[in-house]
Amino acid sequence: MLWGLAEGDALSTNGICSMLNRYGSFYSWGDHTSKFINDSVSDERGRFENTIRILMFLNNWFIRTFANIIDDNMTLQLKNDILGVVQTKLDNMSAIGGVVGVPKCEFVPSDNPTDSLAQGHFVFRVSATAALPVKYLKAKIQYTDEGLSVYTQE
């Protein structure tokens, strides 16, 4: 059974992606996750598929990038190198439109109490906002008579 736009929208508001035949081609319709139910979401990470996927990508990238330094000595230089590498990755993702705003990587003291540091537990805080899909696009078009002045200019 082929769904129409109204049915696709209804499914999307409940976190269900469907396929629509529009303009002679099939399109995936709906980019919400199953966390988006009845036009609401309790956690913004679960609104759009790309949001959680970007965050998962960053998490996996962090693990793959730094897994080889487990059991190395955490020097001040290593901490600063990690901050720099992660920030560079975030800046590059921002430059290509994968994330928006000002993503950042920090080593926050409240995330790293002395008793945790003494056990070799180091926590880096990465904050990023995924670029959002366009869900609504509107142009407010209005008439103006300013252009008529070309008839009376000398």
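The values are calculated or read from the model by the stated rules, or taken from the named source; none is laboratory data. On a predicted model such as this, the values are computed, not experimentally measured, just so you know. Cβ coordinates were reconstructed from backbone atoms using ideal geometry, including for glycine residues, and neighbour counts include every protein chain displayed. Side chains are part of the model used for accessible areas, which takes the heavy atoms of the whole protein and leaves out ligands, DNA and RNA. Shrake-Rupley method; radii C 1.70, N 1.55, O 1.52, S 1.80 Å.
Couple of notes before you dig in:
- Dipole magnitude (debye, nearest 20) for the chain, charges at Cβ of Lys, Arg, Asp, Glu: 280
- Normalised by the number of residues in the chain, the mean separation of alpha-carbon contacts (under 8 Å, six or more apart) gives a relative contact order of 14 percent.
- For Lys79, the lysines whose Cα comes closer than 27 Å to its Cα, not counting residues fewer than 8 places off in the same chain, are Lys89, Lys104.
- Nitroxide proxy distance, nm - points 7 Å out along Cα→Cβ at Leu83 and Asn112: 0.8
- Take every pair of alpha-carbon atoms less than 8 Å apart whose residues are at least six positions apart; their mean separation over the length of the stretch 86-154 yields a relative contact order of 29 percent.
- The figure for Leu11 is an accessible area of roughly 40 square angstrom, using a 1.4 Å probe on the protein chains alone.
- Surface accessible to a 1.4 Å probe, per residue, for the residues of the chain, Å²: 74
- Relative to the dominant Cα principal axis of the chain, helix 49-66 is inclined by about 30°.
- Carbon plus sulfur fraction of accessible area for the chain, probe 1.4 Å, in percent: 55
- Crossing angle, helix 76-95 versus the chain [Cα axis fit, 0-90 degrees, rounded to tens]: 10
- Projecting the Cα atoms of Ala67, Gly120, Thr51 onto the charge dipole of the chain, computed from C-beta unit charges around the Cα centre, puts Ala67 farthest toward the positive end.
- What separates the Cα centres of the stretch 48-108 and the stretch 130-151 is a distance of 38 Å.
- The label-point distance for Gln153 and Gln119, in a model that sets each label 7 Å from Cα toward Cβ, rounds to 7.3 nm.
- Loop-located chymotrypsin sites (Phe, Trp or Tyr not before Pro) in the stretch 82-140 (DSSP state other than H, G, I, E, B) with a sparse environment of at most 12 neighbouring Cβ atoms within 10 Å: Tyr136.
- In Å, descending, principal axis extents of the Cα set of the chain: 74, 62, 28
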